[in-house]
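Reviewing the structure listed below.
The values are calculated or read from the model by the stated rules, or taken from the named source; none is laboratory data. What you are looking at is a predicted structure, and each value in this text was computed from that prediction instead of being measured. Here the Cβ positions follow ideal geometry from the backbone for every residue, glycine too, while neighbour counts run over all protein chains shown. Note: accessible area is taken over every heavy atom of the protein model, side chains too, but ligands, DNA and RNA are not part of it. Shrake-Rupley method; radii C 1.70, N 1.55, O 1.52, S 1.80 Å.
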Amino acid sequence: MKKLLKVQNLCYKYPDNHEALKNINFEINNGEKIALVGANGSGKSTLLLILAGAMEQTDGKIFFNDTENSELRRKKTGLIFQDADDQILMPSVIEDVAFSPAADGMNVNEAHDLAAKILKSLGIEHLADRVPHKLSGGEKRMVTFAGILAAGPELLLLDEPTNSLDPAGRRRVVKFLKETQKAVLLATHDLDIAREVCSSALIMSHGEIAAKGTLPEIFGDEKLLARYNLAAFD
């Protein structure tokens with residue numbers, strides 16, 4: 001399996017000199033799905049923002065398809081925030097999903113055709129003309145997935161994608177994640193969704209990767225989970 005992302009000795013310090021990330025090292029292969037778990041404040045969201053190119057690391061290297069080209073990484077990485085409302089910009093669902101390809105120069109009609117195909121592939125084509133902010137939490141989340149997919153990413157970075165979703169919304173998200181062929185880095189407190197979707201896991205603690213391995217190795221070690229305050233979410 002070809003390596004998609006390689007993170008090497010990644011560090012990040014906030015302006016107040018607080019060290020948020022310390023010597024982060026890991027890899028993601030094409031199509032691989034990795035759970036990123038850890039207590040609040042462990043650095044998960046900061047790591048996702050840096051990988052997506054929304055923030056710059058203070059040290060270390062990030063290789064995407066064997067290159068350090070940060071612009072390529074930004075274009076080929078899709079970040080989905082905890083709050084879907086932070087990513088919904090347009091007055092209708094179809095316009096929102098078409099926004100990114102149109103902004104990148106695609107003909108508006110072609111962008112709308114692409115958006116319609118993506119909505120249909122996700123089973124939410126009936127939402128095309130709806131006002132995004134009036135949708136349910138689960139529907140909004142699926143619209144954000146559609147918008148990210150329209151940009152053509154190779155890697156999905158997901159920050160607590162099932163936060164505040166009802167059971168139906170959670171099922172939609174799980175179904176999408178299980179079926180997608182994209183590589184996924186899933187930051188979550190929900191160990192059940194990690195079990196359903198991912199094949200391996202990273203545990204973050206105080207800005208460091210405290211443990212990594214296959215999902216059975218990590219989630220089967222009750223002492224390890226308890227050490228990092230994860231057993232309570234099981």
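Across the chain, Cα-Cα pairs more than 27 Å apart make up 35 percent of the total.
Under 12 Å from a label point set 7 Å out along the Cα-to-Cβ vector of Arg130, the amide N atoms of segment 83-113 belong to 93-94. Were the residues from Arg74 through Glu222 laid out at 0.36 nm apart, the gain over their Cα-Cα distance would be 49.6 nm. Computed from label points 7 Å out along Cα-Cβ, the spacing between Ala39 and Thr180 is 2.9 nm. Amide H contacts for Asn69 (H built 1.01 Å from N in the peptide plane; partners 5 or more residues away or on another chain; cut-off under 5 Å): Phe64. Restricting attention to segment 55-180, the count of lysine pairs at 8 or more positions apart or across chains with alpha carbons under 28 Å apart stands at 24.
Partners of Lys44 within straight-line reach, counting lysines whose Cα lies under 17 Å from its Cα and excluding those fewer than 8 residues away in the same chain: Lys6, Lys13, Lys22, Lys33, Lys212.
With R₀ fixed at 35 Å, the C-beta to C-beta distance from Asp104 to Lys6 puts the FRET efficiency at about 0.85. Working from label points 7 Å from Cα in the Cα-to-Cβ sense, the His206 to Glu27 distance is 2.9 nm. Scanning residues 5 or more positions from Ala35 or on other chains, those with amide H under 5 Å from its amide H are Leu186, Ser199, Ser200, Ala201, Leu202, with H placed 1.01 Å from N in the peptide plane.
Within the accessible surface of the chain, defined with a 1.4 Å probe on protein heavy atoms only, the carbon and sulfur portion equals 47 percent.
Its relative contact order, with pairs defined as Cα atoms under 8 Å and 6+ residues apart, puts segment 27-132 at 19 percent. The alpha carbons of segment 1-135 occupy a box of 46, 32, 26 Å along the principal axes, longest dimension given first.
In the context of the full set of protein chains, segment 17-94 has a per residue accessible area of 44 Å² (1.4 Å probe).
When exposed loop sites are taken as GluC sites (Glu not before Pro) in a DSSP loop with at most 12 other Cβ atoms within 10 Å, the longest stretch of the chain clear of them is 69-234. Note on segment 68-110 and segment 153-210: Cα centroid distance 20 Å, given to the nearest whole angstrom. Remark: the Met55-Met90 segment gains 10.1 nm on full extension, using 0.36 nm per residue and subtracting the alpha carbon distance.
When only the Cβ of Lys, Arg, Asp and Glu is charged (+1, +1, -1, -1), the dipole of segment 36-105 relative to its Cα centre reaches about 260 debye.
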